[in-house]
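Peer 1: One structure, as structure tokens, below. Some questions next.
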Amino acid sequence: MDAAINLSVRFVQRYLPSAFVLAVILTFIVFVLGITTTGTSPLDMATYWGKGFSSLFTFGMQMTLVLLTGYVLALTPLVQGWLNSLTQRASTPRQALILTIVVSFVCYYLNWAFGMVVGAILAREMGRRVIGLHFPFIVAAAYGGELVRGPSSSIPLVIATPEHFLEEAIGIVPVTETLYAWWNVALTASLLVLLLIFYLLQKQPKDIIQFNGGAEEPLSGKASHDDRPMTPSDRVENSRLPTLFMGLMIAAFLGGQWLEGSFSINLNTVILIFLALGLLLHKNPAQYLQAVERAIGAARGIIVQFPLYAGIAGMMTNSGMVTAFSEAIISVATPATFPLLTFFSAGLVNFFIPSGGGQWAIQGPIMMEAAAAIGADPAQTIMAFTWGDGWTNQIQPFWALPLLGVAGLAARDIMGYCLVWLMISGVAIAGTFVALSVLG
């Protein structure tokens, strides 16, 4: 295993380009494939790219705010104290790995956006404080839990909702048959165990890369006014009242939704929760804005690269590439093999369209209607698609961008470890669907 890890790390560090360049390369590949496999003209492919370019603007802004508000929350004195307490429990690299993997995995399971922020910041703090810890190693370990799919997974939740858009084809599939089926719970637990074993059995490189970000100075919480007497506006910026008011107003809104029964965990509510807690736990607007200034650099990759992937999705969708690929999978599937093939096909398409909701809207109806037509188990097919959508995120820098932004690393620093974990987790997930097909 050590030899495979070392080979993978060396290969990725030598040949994997930056996340931005990779997005450009993928754009070129899809552009050429659309022309050669579907007969679409170059001008039409460029048009599809341009029309798709803006389709992830809303999602990109949501992701930017998730990262920004989560990072700002992590810079509050209370959370910093919690992180200090947690990291002090880890005096060795091995203990740091265990804590980071378990905490980030559980947070990813509860909500992937929450896990992304917590895992990134926890890995960063472990790298800062634990002597002898290879920093890219623990960042990769924190990212390993991103593939898990828990109670906030949108696809199983949609299929369990009355009047969903595929109800006529497959009916309503309750979450007790998907997310909380015994085999899915067992798979989730086994992945955590495998992730721990995988990283704990590996030897860290001889040339250890320590975290080099240095110690961050505490936020002053004071608005600069050049030693002149404080003006009324300076007093407001250093007052507790503005952040207290905004935080309590958001809390009142979320509390009202809870009482009405309309509260649900999604990207917007995660942003509001992070925003409210950050406002309430920073002592004034000056301190809050200092935290924003410190955190905003971590979001630069999201801002620049998300639209490029939206353009790729536009080309794949409008040229008919996704439909053709899905139909090719369907043509060779049987009821027993259909969930397994769905897993692999979702994983492959996810590499080019790394947006679960967008991929489901394109590929999901085709696969689910085919599952109904050939008699494949709809619950297993749904979870196969859901797992495939998360599986190849391990080698897709799109989803690692927030974590890499917080850690200050490049994709090539962690993707060697992620590539081997992709293979191990893929065997576990695929093996589960093979076993289910045997058991009937």
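Peer 1: Given only helices, namely DSSP H runs of n ≥ 4 each adding -39500 (n - 2.57), what is the per-residue ellipticity at 222 nm of the chain, to the nearest 500 deg cm²/dmol?
Peer 2: Value at 222 nm, helices only, nearest 500: -24000 deg cm²/dmol.
Peer 1: Sticking with this structure for a sec: Could you give log10 I(q)/I(0) at q = 0.21, 0.25 Å⁻¹ for segment 298-391, computed by the Debye formula over C-alpha point scatterers of equal weight, without solvent?
Peer 2: Result of the Debye calculation: -0.95, -1.26.
Peer 1: Whole number in Å², please: accessible area per residue of the chain, 1.4 Å probe, ligands, DNA and RNA not counted. Can you show the working numbers first?
Peer 2: Values: 19330 Å² over 440 residues.
Accessible surface, normalised per residue, equals 44 Å².
Peer 1: D for segment 1-159, whole µm²/s, Stokes-Einstein with Kirkwood Rh over alpha-carbon pairs at 20 °C and 1.002 mPa s: what number?
Peer 2: 114 µm²/s
Peer 1: List, in order, the whole-Hz ³J(HN,Hα) value for each residue of segment 334-341 obtained from phi through the Karplus relation with A = 6.51, B = -1.76, C = 1.60 and θ = phi - 60°; use x for Gly and Pro.
Peer 2: 10, x, 6, 8, 4, x, 5, 5
Peer 1: Roughly to the nearest percent, how much of the accessible area of the chain is carbon and sulfur, given a 1.4 Å probe?
Peer 2: Accessible surface attributable to carbon and sulfur in the chain totals 67 percent.
Peer 1: Sorted by mean Cβ packing within 10 Å, highest first, what order do the peptides 63-71, 201-209 take?
Peer 2: In descending order of packing, they fall as 63-71, 201-209.
Peer 1: Around SER345, under 14 Å between beta carbons, what's the net of Lys plus Arg minus Asp minus Glu among the other residues? Don't skip to the answer; put the middle values down first.
Peer 2: Details: positive: none; negative: GLU327, ASP389.
Net charge in that neighbourhood comes out at -2.
Peer 1: For the chain, what number results from the quotient of the Cα radius of gyration and 2.2 N^0.38 Å?
Peer 2: Ratio of Rg to 2.2 N^0.38 Å for the chain: 1.03.
Peer 1: Next question, about the same structure. Give me P(r) over segment 107-190, computed from all C-alpha to C-alpha distances, binned every 10 Å, as integer percentages.
Peer 2: Reading upward from the zero bin: 17, 33, 26, 15, 7, 2.
Peer 1: What Kirkwood radius, in Å to one decimal, follows from the Cα pairs of segment 1-51?
Peer 2: Numbers: mean 1/r = 0.0763 Å⁻¹.
Result for segment 1-51 stands at 13.1 Å.
Peer 1: I've got another one for you. How high is the relative contact order of the chain, in percent, with contacts defined as C-alpha pairs under 8 Å that are six or more residues apart?
Peer 2: Normalised by residue count, the contact order of the chain is 28 percent.
Peer 1: Expressed in nm to one decimal, what extension gain is obtained for the pair ARG89 and ARG294 from 0.36 nm per residue of sequence separation less their Cα-Cα distance?
Peer 2: 71.1 nm
Peer 1: Still on this model: I'd like the chymotrypsin sites (Phe, Trp or Tyr not before Pro) in segment 98-170 restricted to DSSP loop residues with at most 14 other Cβ atoms within 10 Å, sorted by number. Walk me through the intermediate numbers first.
Peer 2: Values: sites: PHE105, TYR108, TYR109, TRP112, PHE114, PHE137, TYR143, PHE165; in loops: PHE165.
Listed in order of number, the matching sites are PHE165.
Peer 1: Quick check on segment 240-332: take the gyration tensor over C-alpha atoms, sort the square-rooted eigenvalues as a ≥ b ≥ c, and tell me if it's rounded (a/c under 1.5), prolate or oblate.
Peer 2: oblate
The values are calculated or read from the model by the stated rules, or taken from the named source; none is laboratory data. Fair warning: this is a prediction, and the values are worked out from it, not measured in the lab. All Cβ positions, even for glycine, are placed from backbone atoms using ideal geometry, and neighbour counts span all protein chains on display. Quick note on the areas: whole protein, heavy atoms, side chains included, nothing else; ligands and nucleic acids left out. Shrake-Rupley method; radii C 1.70, N 1.55, O 1.52, S 1.80 Å.
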